[in-house]
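All remarks here apply to the structure that follows.
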Number of protein chains: 2
Amino acid sequence: MNSLVEENYLKALFSLSNGDGEVNVNDLSKHLEIKMPTVTSMMKKLAAKKLVHYKSYKPLRLTARGRKEAALVIRKHRLTEMFLVEKMGFGWEQVHEIAEQIEHIKSPIFFSKMDELLDYPKFDPHGSPIPDINGKITGKAYRKLSECNEGDTVKMAAVINTSDEFLKFLNSREIHLGLKIKINSVEPFDHTMVVSYENHLSESLSHMVCERLLVEKE
Amino acid sequence: MNSLVEENYLKALFSLSNGDGEVNVNDLSKHLEIKMPTVTSMMKKLAAKKLVHYKSYKPLRLTARGRKEAALVIRKHRLTEMFLVEKMGFGWEQVHEIAEQIEHIKSPIFFSKMDELLDYPKFDPHGSPIPDINGKITGKAYRKLSECNEGDTVKMAAVINTSDEFLKFLNSREIHLGLKIKINSVEPFDHTMVVSYENHLSESLSHMVCERLLVEKE
DNA sequence: TAATTTTGTTAGAACACTCTAACTTATTAG
DNA sequence: CTAATAAGTTAGAGTGTTCTAACAAAATTA
Ligand SMILES: [Mn+2]
Ligand SMILES: [Mn+2]
Ligand SMILES: [Mn+2]
Ligand SMILES: [Mn+2]
């Protein structure tokens, strides 16, 4: 059984893993806001538990077991977020902090009950895929809104790096998952996009914003 | 802000407090399954935080602040149990262990949302009163079934010291809160009661069981 | 009352997790 | 290719929570 602290390290390792699955101590340290020596010693501990491949001065990699256990924590996090939104009436900008705590509850039945009540959801309220009970993730490859072109019509599929303020901004513009957005024009200078959707006929979205919106082509 | 561990000590102190509000280190130690020296040092820490009155070799007493903070943890515990039963479909024998963990979640809005969704419940699934947001408890004085007499008809109001096995036993006899029970006879030798209710015309309940059932006189 | 048992405290240590300071290895810039 | 910078490690310490061993006080028994 992993501790709350270990679970948070595993989750961070997982989400910082790119294509090659490598993570730098430094990046992990910054992401968790925990100093590098502390991270190093925790990596040795997780290596002893066969959850991380650790070699001095080399990038970190989760083992297959580590990846699975990380995915199961992420599963609990995302199921919780979905439950909070769908069954308790929270806004999508309110649920991350609560899920950050509830993901550590030790009670398989608690999460399987959530799963059942939600009718086995595939995505969390921010559009991120919910890993299955074996830790397998079946994620679609969405594209960033910022990479789309003038004239495209796209559908909102997910948001990246979901901070409170960003989600509140989206709320203020009535941007939500499933929304159909038409790209009217792209400013060549700063990549600001002018888009229209529903009763918003001309809304400007900065490049920062468009980088954080994942969409599907129609 | 109290830690998870401190919250568990406060809760234990509260529930071990009798009329005079005094608790022995030894009883607390046994209740928490934590050795006495550890308890002593935690009591000094809680005393430094003005949550406990501590004098060497004297019984422990919660301060007014300590009592309030304990009641607020118990509030979170009981709200959670009620939510798990009423909104998630758990049995009353399943919820205590989960609530033991969720009571430590730091998120006022999470618990106030539960309270709202449950329409401000006054009792938990075991009949224990839920303290209000100020830590005030308005508990009725029920009586033990074991103290009632032959011929009495009573209504199930609460269960004491709710263990898994005990609640499963009650389930197996279809005994639940609100149930009307008639006492047919009391065995003078061992105080076993023969009772009837609903479609159970003659059910024997040992003294141990009757000691743990709280009832209201009709 | 005196001996014994129970209850409670002190001292010292261990484990989990965190930090700063100092050092080493790897990467980047000139 | 060196010099400077960035990344990573080691050593040593601190906080929170727990333990065992030894001792002291209080309560109980004889
Ligand atoms: Mn989240
Ligand atoms: Mn977390
Ligand atoms: Mn309970
Ligand atoms: Mn608890």
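The values are calculated or read from the model by the stated rules, or taken from the named source; none is laboratory data. Predicted model, so just to flag it, every value in this text is computed and none were measured. When we count neighbours, we look across all protein chains shown, and the Cβ atoms used for this are built from the backbone with ideal geometry, even at glycine. When the accessible area is computed, the model is the full protein with side chains, heavy atoms only, and any ligands, DNA or RNA have been set aside. Shrake-Rupley method; radii C 1.70, N 1.55, O 1.52, S 1.80 Å.
Shielding by partners for peptide A:115-121, expressed as the average number of C-beta atoms from other protein chains within 10 Å of each residue's C-beta, is 1. Largest first, the residues A:Phe123, B:Phe189 sort by 1.4 Å accessible area into B:Phe189, A:Phe123.
Summarised in one figure, the compactness ratio Rg/Rh of segment A:143-217, Cα atoms and Kirkwood Rh, is 0.91. Which residue, B:Pro59, B:Pro131, B:Pro108, tops the fluctuation ranking in a GNM of chain B built on C-alpha contacts under 10 Å? Comparing B:Pro59, B:Pro131, B:Pro108 in a Gaussian network model of chain B, the most mobile one is B:Pro108.
Note on A:104-110: average number of Cβ atoms from other chains within 10 Å of each residue's Cβ is 4. Each Lys or Arg adds one and each Asp or Glu takes one away; over the other residues whose Cβ falls under 14 Å from the Cβ of A:Ala141, this sums to +2. Annotation for A:Lys155 and B:Lys58: the two label points, set 7 Å from Cα along the Cα-Cβ direction, are 7.1 nm apart.
About its Cα centre, the protein assembly as shown has a charge dipole of approximately 1680 debye under the convention of +1 per Lys or Arg Cβ and -1 per Asp or Glu Cβ, with nothing else charged. Distance distribution note for segment A:18-108: the fraction of Cα pairs above 14 angstrom is 71%.
Taking all Cα pairs closer than 8 Å and separated by 6 or more residues, the relative contact order of chain B comes to 16 percent. Comment: the Cα-to-Cβ extended label point of A:Thr192, at 7 Å, lies 8.5 nm from its counterparts in the other copies, nearest first. Over chain A, the pair-distance histogram of Cα-Cα distances with 5 Å bins from zero comes to 1, 7, 13, 16, 16, 15, 13, 10, 6, 3, 1, 0 percent, rounded to whole numbers. Protein heavy-atom surface of chain B, 1.4 angstrom probe: 52% of the accessible area is carbon and sulfur, with nucleic acids and ligands not counted.
For B:Ser206, inter-copy separations between label points set 7 Å beyond Cα along the Cβ vector come to 7.0 nm, shortest first. Any of B:Lys55/B:Lys122; B:Lys76/B:Lys155; A:Lys168/B:Lys122; B:Lys45/B:Lys122; A:Lys45/A:Lys106 with alpha carbons more than 25 Å apart? Name them for me. Check vs 25 Å cut-off fails for B:Lys55/B:Lys122; B:Lys76/B:Lys155; A:Lys168/B:Lys122; B:Lys45/B:Lys122.
For B:Arg65, the point set 7 Å out from Cα toward Cβ sits 4.6 nm from its twins in the other copies, listed from shortest up.
Using all pairs of distinct alpha-carbon atoms, the Kirkwood hydrodynamic radius of the protein assembly as shown works out to 25.7 angstrom. Comparing the full protein assembly with the isolated chain, the residues of segment B:60-99 losing at least 40 square angstrom of accessible surface (1.4 Å probe) are B:Met88, B:Phe90, B:Ile98. Once the dipole of segment B:71-138 is set up with Lys and Arg at +1 and Asp and Glu at -1 on Cβ about the Cα centre, which of B:Phe83, B:Phe110, B:Gln94 lies farthest towards its positive end? It is B:Phe110, whose Cα lies furthest towards the positive end. Sorting A:Thr38, B:Thr40, B:Thr138 on solvent-accessible area from highest to lowest, probe radius 1.4 Å, gives B:Thr138, A:Thr38, B:Thr40. Could you please report the charge total around B:Arg75, scoring K, R as +1 and D, E as -1 over all other residues with beta-carbon less than 12 angstrom from its beta-carbon? Charge balance near B:Arg75 sits at -1.
For A:Leu79, B:Leu214, the ranking by accessible surface with the largest value first comes to B:Leu214, A:Leu79, using a 1.4 Å probe. Ellipsoid fit via the Cα gyration tensor, segment A:158-197: semi-axes of 20, 14, 9 Å, each the root of five times an eigenvalue, largest first.
By definition, a body whose alpha carbon gyration tensor gives a ≥ b ≥ c is rounded when a/c is under 1.5, and segment B:71-138 falls into this rounded group. Solvent exposure of A:Arg61, expressed as accessible area, is near 100 Å², computed with a probe of 1.4 Å over the protein chains only. Between B and A, roughly 1500 Å² of accessible area is buried in total, ligands, DNA and RNA not counted and the probe set to 1.4 Å. Projecting the Cα positions of A:Ile130, A:Leu177, A:Gly151 onto the charge dipole of segment A:110-213 (unit charges on Cβ atoms of Lys, Arg, Asp and Glu, taken about the Cα centre) puts A:Ile130 furthest along the positive direction. When chain B is treated as a GNM, springs tying every alpha-carbon pair under 10 Å, which of B:His176, B:His191, B:His104 comes out with the largest mean-square fluctuation? Top of the fluctuation ranking is B:His191.
Our compactness index for segment A:1-59, the C-alpha radius of gyration over the empirical 2.2 N^0.38 Å, is 1.01. Of the trypsin sites (Lys or Arg not before Pro) found in segment B:96-130, those that fall in a DSSP loop while having at most 15 other beta-carbon atoms within 10 Å are B:Lys106, B:Lys122.
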